[in-house]
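To keep things clear, I will list the structure first and then write my remarks on it.
The values are calculated or read from the model by the stated rules, or taken from the named source; none is laboratory data. Since we're looking at a predicted model, the values are computed, not measured. A quick note on method: Cβ atoms are made from the backbone with ideal geometry, for glycine too, and the neighbour counts reach across all protein chains shown. The protein model used for the area step is the full one, side chains on, heavy atoms only, and it has no ligands, DNA or RNA in it. Shrake-Rupley method; radii C 1.70, N 1.55, O 1.52, S 1.80 Å.
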Amino acid sequence: MITLSSDFGSPYPAAMKGVILQRCDARLVDIAHDFPRQDVRTAAFWLREILPTFPPAVHLVVVDPGVGTNRAAIVIRAGSHALVGPDNGVLVPAARRLAANDLTVYEIEVSDPDSATFHGRDVFAPAAADIYEADLEGLSRLPWLTPIDEYDALTFPEPELTEDRASGSVLVVDGFGNVITNIPGEVISELDRVAVRTADGDQTVPVVHSYAHVSPGDAVVTVGSHGNVECAVNQGRGDDTFGLGVDDSVTLSFKR
Amino acid sequence: MITLSSDFGSPYPAAMKGVILQRCDARLVDIAHDFPRQDVRTAAFWLREILPTFPPAVHLVVVDPGVGTNRAAIVIRAGSHALVGPDNGVLVPAARRLAANDLTVYEIEVSDPDSATFHGRDVFAPAAADIYEADLEGLSRLPWLTPIDEYDALTFPEPELTEDRASGSVLVVDGFGNVITNIPGEVISELDRVAVRTADGDQTVPVVHSYAHVSPGDAVVTVGSHGNVECAVNQGRGDDTFGLGVDDSVTLSFKR
Amino acid sequence: MITLSSDFGSPYPAAMKGVILQRCDARLVDIAHDFPRQDVRTAAFWLREILPTFPPAVHLVVVDPGVGTNRAAIVIRAGSHALVGPDNGVLVPAARRLAANDLTVYEIEVSDPDSATFHGRDVFAPAAADIYEADLEGLSRLPWLTPIDEYDALTFPEPELTEDRASGSVLVVDGFGNVITNIPGEVISELDRVAVRTADGDQTVPVVHSYAHVSPGDAVVTVGSHGNVECAVNQGRGDDTFGLGVDDSVTLSFKR
């Protein structure tokens, strides 16, 4: 199985599929092709959340603002998965979530691709197909892969947790407008209400198990499917109501 | 085969696919993941039109404004198809269209899902995969399924038809801006022109077999691919020209 | 393998898939379903670029402003590929790129489809499935296919190239805002800078191998993945910066 992720929109991903299917008959599964353009961090967040739901697979990821420069093309073997993409950190959080203690990173030797602007088609898709065909056991025998020790990492900001407060920031906003923070869900697990401080001011909202426990339009804090605190609105948009976007600060205050 | 439908946008559907592919190797086919958010009725309409084009399959449907509340999770066996989703009516029109006289409805026993906000991933996707593996013959032997008699239905408004008039309403507007009404196509089958009354006033337009029988920009009434009367504009948007949206009233007047 | 392309948006493509899967078990691959509505030329451009990346396949293409009129439905065998769609030119550039010297064109006999507005579901999808089942060798034995000599072609405008100038026009703008011209990349291959004349005036910009060779927000000219000259902005939109849209004129001036 090969999964595909990119910020390409349409129709470029189809060219990657054509190239792959010339070389192998893997099942292809799209993760997303509408990651925010050239936003390595947002793509890295979603891949970390989604790739671990999959069985062992080759994961082709192309969010690549540095295409055509001297940034390396890499493969990360993470347990029984292989991730293929640019060396800009986009693969790293997912690889660590998949198998933090069983990672090997390889650089792909890139020889004169057809284009300097579409390495998804000309470099990464052929590499993903050939890695699929080689199988993970054959990875170390591919002559165009060289194990490396240095590669770009990417980490998400850590929240600050005290007895009566959790100070964090917004990692991403999903398509529903749910504001996903870096604050672990455990901090609100026994609360009924919590005070949310943002640049817009303070508001105290219910802590609920799911959106529909309040009336449509009402703001809540809940634990999202990723395990983090989420600021949301039942049948509405949390980002608008809380005035929050990516990287903004959020502080939760509570008395236990 | 498992089809997938939701209002999740991107990238959440990929997590459902990962979970399914951990459990079985079914072919996966997306119906749509951009149904209007939390709009059970629009999704139900499209599923009724589209699912019957498919061979026997498991149909996973997650348009679920009540996720995390006590609404039930259900399976409807409809002839040789199985539909899996929330008990909010979204599955019912499609199930009746598939096999009105051969329906069995089961409640899914849900035991402590990982999240309260993403039952698509944590409840419905595993259920769909396990039902696919069990096959329809095995359905009644799955210990976590209980046949039930009571479940939420969902019906579309019926038009009022007389000798010289059809009064109905708008079921959905498609992506082209075609206004799909609940008026059966037969009422206009022998007409050349028809008077369309909306809240905006009256206009008399040609009845045509297809859009391109008039000039670009011209309004028409036609019978759409679903068999209902459609108010449309050749290479334009019927919703704008007729001033019509979902649930609005439409009356067609004709002399036979 | 059957690929699917359309301007249908969502959820209509799923109905074509259902119909196909009733008739055969081909692998299905989406090229795109968000081609600009009824824009035959843009779809033809992208298909010419993308279909040749695929192994032999049946390519179902429905961008069909004339649906339900007397425009023919056709099949083009191009080498070991078959393209199925309306006779409006949309298939032709791709067919020629695939196998210019090995083309056979057939008209599909269409007998009373279920709808006059959705030939994608009622005419083209069944034809594509049956052609897939017949295999290319069996094509000439399908009784509902008749070889024809006359069909709608579609050509893209040719640029005018002189010693010190290339005058062309914009073929399409991609989702990143990159402006793809009809000027062959070779004309800028040895240049460092080039003067770009548009209706908005002149600007001289760097010629680069890829976007990231300049600072974010800076304008460049580069050779895109299709081999043509592209007017682009690193991490920005070339169409906005150059004031260019489809069909606009572009002249590059250079001293060798």
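Give me the residue from region A:178-214 that is small (Gly, Ala, Ser) and over 14 Å from A:Gly238 (Cα atoms) and, out of that set, most open to solvent (accessible area, probe 1.4 Å).
So in region A:178-214, the residues small (Gly, Ala, Ser) come out as A:185, A:189, A:195, A:199, A:201, A:210, A:212.
Those left that are additionally over 14 Å from A:Gly238 (Cα atoms): A:185, A:189, A:195, A:199, A:201.
Working: A:Gly185: 4, A:Ser189: 84, A:Ala195: 24, A:Ala199: 109, A:Gly201: 28 Å².
Looking at the filtered set, the residue picked out is A:Ala199.
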>> Could you check region A:124-134 and list, in sequence order, the residues that are surrounded by 24 or more Cβ atoms within 10 Å (Cβ to Cβ) and out of contact with any helix residue (DSSP H, G or I) (no Cβ under 6 Å at 6 or more places or on another chain)?
In response: A:Phe124, A:Ala127, A:Ala128, A:Ile131
>> Going by what's in this entry, would A:Val40 be described as more than 11 Å from every other protein chain (Cβ to nearest Cβ), open to solvent by less than 10 Å² (accessible area, probe 1.4 Å) and either more than 27 Å from C:Glu49 (Cα to Cα) or out of contact with any Phe, Trp or Tyr (no Cβ under 6 Å at 6 or more places or on another chain) (or both)?
In response: no
>> For the list (1) charged (D, E, K, R); (2) touching a strand residue (DSSP E or B) at 6+ places or on another chain (Cβ under 8 Å); (3) in contact (Cβ under 8 Å) with a residue 12 or more places away in the chain, I need the number of the one condition that A:Glu163 fails.
In response: (2)
> For residues in region A:48-63 being open to solvent by less than 20 Å² (accessible area, probe 1.4 Å) and more than 7 Å from chain B (Cβ to nearest Cβ), which is nearest to B:Ala14 (Cα to Cα)?
Replying inline: A:Leu51
> Can you pull out the residues in region C:12-26 that are in contact with a strand residue (DSSP E or B) (Cβ under 7 Å, 6 or more places away or on another chain) and farther than 19 Å from C:Val123 by Cβ?
Replying inline: none
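What is the residue count in region C:6-38 for residues that are of a type in the set (D, E, K, R) and at pLDDT below 95?
Final tally of qualifying residues: 1.
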>> Contact list please: Cβ distance under 8 Å, first residue in region C:117-128 and more than 7 Å from chain B (Cβ to nearest Cβ) and farther than 14 Å from C:Tyr12 by Cα, second residue open to solvent by 20 Å² or more (accessible area, probe 1.4 Å) and in a helix (DSSP H, G or I), pairs at least six apart or on different chains.
In response: C:Pro126/C:Val19; C:Pro126/C:Arg23
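Find the residue count for region C:247-256, including only residues that are out of contact with any Gly (no Cβ under 9 Å at 6 or more places or on another chain) and either farther than 14 Å from C:Ile183 by Cα or not in a loop (DSSP other than H, G, I, E, B) (or both).
As a first pass, look at region C:247-256 and keep what is out of contact with any Gly (no Cβ under 9 Å at 6 or more places or on another chain): C:247-248, C:253-256.
Now restrict to residues that are either farther than 14 Å from C:Ile183 by Cα or not in a loop (DSSP other than H, G, I, E, B) (or both): C:253, C:255-256.
Qualifying residue count, region C:247-256: 3.
Would you check if there is a residue in region C:26-37 being in contact (Cβ under 8 Å) with a residue 24 or more places away in the chain, in contact with a Phe, Trp or Tyr (Cβ under 6 Å, 6 or more places away or on another chain) and closer than 21 Å to A:Arg27 by Cα?
Initial filter on region C:26-37 (in contact (Cβ under 8 Å) with a residue 24 or more places away in the chain): C:26-37.
Add one more test, that the residue is in contact with a Phe, Trp or Tyr (Cβ under 6 Å, 6 or more places away or on another chain), and what stays is C:26, C:33.
If we keep only those that are closer than 21 Å to A:Arg27 by Cα as well, we get C:26, C:33.
Checked against the condition, which is being in contact (Cβ under 8 Å) with a residue 24 or more places away in the chain, in contact with a Phe, Trp or Tyr (Cβ under 6 Å, 6 or more places away or on another chain) and closer than 21 Å to A:Arg27 by Cα, region C:26-37 yields at least one hit.
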>> Restricting to region A:155-176, count the residues that are open to solvent by less than 70 Å² (accessible area, probe 1.4 Å) and either part of a loop (DSSP other than H, G, I, E, B) or among the acidic types (Asp, Glu) (or both).
In response: 6
> Assuming A:Ser225 fulfils every condition listed in (1) in contact with a Pro (Cβ under 7 Å, 6 or more places away or on another chain); (2) within 13 Å of another protein chain (Cβ to nearest Cβ) apart from one, which condition is it?
Replying inline: (1)
>> Contact list please: Cβ distance under 7 Å, first residue in region B:188-212 and within 13 Å of chain C (Cβ to nearest Cβ), second residue of a type in the set (D, E, K, R), pairs at least six apart or on different chains.
In response: B:Val207/B:Asp192; B:Val207/B:Arg193
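For region A:244-254, state whether one or more residues are within 20 Å of B:Ala116 (Cβ to Cβ) and more than 25 Å from the chain's Cα centre (by Cα). It would help to see each step written out before you state the result.
Looking only at region A:244-254, we keep the residues that are within 20 Å of B:Ala116 (Cβ to Cβ), and these are A:252, A:254.
With more than 25 Å from the chain's Cα centre (by Cα) added as a condition, the list becomes A:254.
The answer is yes, given that some residue of region A:244-254 is within 20 Å of B:Ala116 (Cβ to Cβ) and more than 25 Å from the chain's Cα centre (by Cα).
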> Filtering region B:163-176 down to residues that are at pLDDT below 95 and not charged (D, E, K, R), which residue is nearest to the chain's Cα centre (by Cα)?
Replying inline: B:Gly175
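For residues in region A:81-105 being over 17 Å from the mean Cα position of the chain (by Cα) and within 14 Å of A:Ile148 (Cα to Cα), which is surrounded by the most Cβ atoms within 10 Å (Cβ to Cβ)? Talk me through it step by step, then tell me what you get.
Step one: of region A:81-105, the residues over 17 Å from the mean Cα position of the chain (by Cα) are A:101-105.
Among the residues that remain, those that are also within 14 Å of A:Ile148 (Cα to Cα) are: A:103-105.
Details: A:Leu103: 16, A:Thr104: 16, A:Val105: 22.
Filtering first and then ranking leaves A:Val105.
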> Which one of these does B:Asp152 not meet: (1) at positive phi; (2) in a loop (DSSP other than H, G, I, E, B)?
Replying inline: (1)
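Can you confirm whether region C:234-242 contains a residue that is open to solvent by 20 Å² or more (accessible area, probe 1.4 Å), in contact with a Lys or Arg (Cβ under 8 Å, 6 or more places away or on another chain) and on the phi < 0 side of the Ramachandran plot?
The answer is no; no qualifying residue exists.
Please indicate, with yes or no, whether at least one residue in region C:107-114 is open to solvent by less than 30 Å² (accessible area, probe 1.4 Å), of a type in the set (Val, Ile, Thr) and in contact (Cβ under 8 Å) with a residue 40 or more places away in the chain.
Of all residues in region C:107-114, those open to solvent by less than 30 Å² (accessible area, probe 1.4 Å) come to C:108.
Restricting the remaining residues to those that are of a type in the set (Val, Ile, Thr) gives C:108.
When the remaining residues are screened for being in contact (Cβ under 8 Å) with a residue 40 or more places away in the chain, the result is none.
Checked region C:107-114: no residue is open to solvent by less than 30 Å² (accessible area, probe 1.4 Å), of a type in the set (Val, Ile, Thr) and in contact (Cβ under 8 Å) with a residue 40 or more places away in the chain.
Any idea which residue in region A:16-29 is most open to solvent (accessible area, probe 1.4 Å), counting only those that are charged (D, E, K, R) and within 19 Å of A:His81 (Cα to Cα)?
Initially, region A:16-29 is screened for residues charged (D, E, K, R), giving A:17, A:23, A:25, A:27.
Then drop every residue that is not within 19 Å of A:His81 (Cα to Cα), which leaves A:25, A:27.
Details: A:Asp25: 114, A:Arg27: 70 Å².
Among those that are charged (D, E, K, R) and within 19 Å of A:His81 (Cα to Cα), it is A:Asp25.
Taking the options A:Ala78, A:Ala32, name whichever one is farther than 19 Å from A:Val123 by Cα, away from chain C (no Cβ under 13 Å), crowded, with 19+ Cβ neighbours inside 10 Å and touching a Pro at 6+ places or on another chain (Cβ under 7 Å). So that I can check it myself, show each step before the final result.
Numbers: A:Ala78 fails: touching a Pro at 6+ places or on another chain (Cβ under 7 Å).
The match here is A:Ala32.
Here are some residues: B:Pro184, B:Pro147. Which one is within 18 Å of B:Arg96 (Cβ to Cβ) and touching a Ser or Thr at 6+ places or on another chain (Cβ under 7 Å)? Spell out the reasoning first.
Numbers: B:Pro184 fails: touching a Ser or Thr at 6+ places or on another chain (Cβ under 7 Å).
After applying the criteria, what remains is B:Pro147.
For B:Arg193, are the conditions met, namely being of a type in the set (D, E, K, R), out of contact with any Leu (no Cβ under 9 Å at 6 or more places or on another chain) and over 29 Å from C:Asp34 (Cα atoms)? Talk me through it step by step, then tell me what you get.
Values: of a type in the set (D, E, K, R): yes; out of contact with any Leu (no Cβ under 9 Å at 6 or more places or on another chain): yes; over 29 Å from C:Asp34 (Cα atoms): yes.
Answer is yes for this residue.
Mind checking which residues of region B:65-75 are at pLDDT 95 or above and open to solvent by 10 Å² or more (accessible area, probe 1.4 Å)? Don't jump to the end; show me each part of the working.
Narrowing region B:65-75 to residues at pLDDT 95 or above: B:72-75.
B:Ala72 - this is the single residue of region B:65-75 that is at pLDDT 95 or above and open to solvent by 10 Å² or more (accessible area, probe 1.4 Å).
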> Out of the residues in region B:1-15 that are within 8 Å of another protein chain (Cβ to nearest Cβ) and part of a helix (DSSP H, G or I), which is surrounded by the fewest Cβ atoms within 10 Å (Cβ to Cβ)?
Replying inline: B:Tyr12
